[in-house]
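Have a look at the structure below, then the notes.
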Amino acid sequence: MNFLIKLLLNGIVLVPLLLWFTDATWVGAVIASVILSALAYLIGDQFILRASNNTVATAADAVMALIYLWAVAYFADWGLNFSELIVTVLVLAVVEVIFHALIARDRIRV
């Protein structure tokens, strides 16, 4: 259930931003969002968040998103520039803070 919530939250933010900022197709943006959500959930939420706190997990998720989205945009030739990448990562970080806060408050069980 938590993964589905994360997938939905990230998708609501990431897919439109990728479509707006890049030459990504709708399918490409959705696939990129699903893969990033899975990585962030497995590494950031299941490992880092359990071992640390919201700030550390959010920072790790942001760094992971930055590297992942840069690599995907580069190899897919989507034309994502640095400022667009930073805006996308910052918006995703806000979503992560909210998601991690919900987990910490036991509204969602990890």
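The values are calculated or read from the model by the stated rules, or taken from the named source; none is laboratory data. Keep in mind that this is a model prediction, so the values were computed, not measured. Because the Cβ atoms are built from the backbone with ideal geometry, glycine has one as well, and the counts that use them run over all protein chains shown. Please note that ligands, DNA and RNA were not included when accessible areas were found on the heavy atoms of the full protein model with its side chains. Shrake-Rupley method; radii C 1.70, N 1.55, O 1.52, S 1.80 Å.
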Condition met for Leu49 (of a type in the set (A, V, I, L, M, F, W, C), closer than 22 Å to Met1 by Cβ and open to solvent by 80 Å² or more (accessible area, probe 1.4 Å)): no
One residue from Leu85, Leu42 being over 14 Å from Asn10 (Cβ atoms) and not in a loop (DSSP other than H, G, I, E, B): Leu85
Any hit, the stretch 27-39, residues being in a helix (DSSP H, G or I) and of a type in the set (S, T, N, Q): yes
Exclusive hit being out of contact with any Asp or Glu (no Cβ under 9 Å at 6 or more places or on another chain), open to solvent by 20 Å² or more (accessible area, probe 1.4 Å) and either on the phi < 0 side of the Ramachandran plot or modelled with pLDDT of 95 or more (or both), set Ile31, Ile43: Ile31
Qualifying residue in the stretch 99-110 (condition: at pLDDT below 95, part of a helix (DSSP H, G or I), charged (D, E, K, R) and within 21 Å of Met1 (Cβ to Cβ)): no
Candidates Ala71, Ala59, Ala93, Ala65 - the one that is out of contact with any Gly (no Cβ under 9 Å at 6 or more places or on another chain), part of a helix (DSSP H, G or I) and surrounded by 21 or more Cβ atoms within 10 Å (Cβ to Cβ): Ala65
Total residues in the stretch 16-26, condition open to solvent by 20 Å² or more (accessible area, probe 1.4 Å) and either in a helix (DSSP H, G or I) or touching a residue at least 60 places away in the same chain (Cβ under 8 Å) (or both): 6
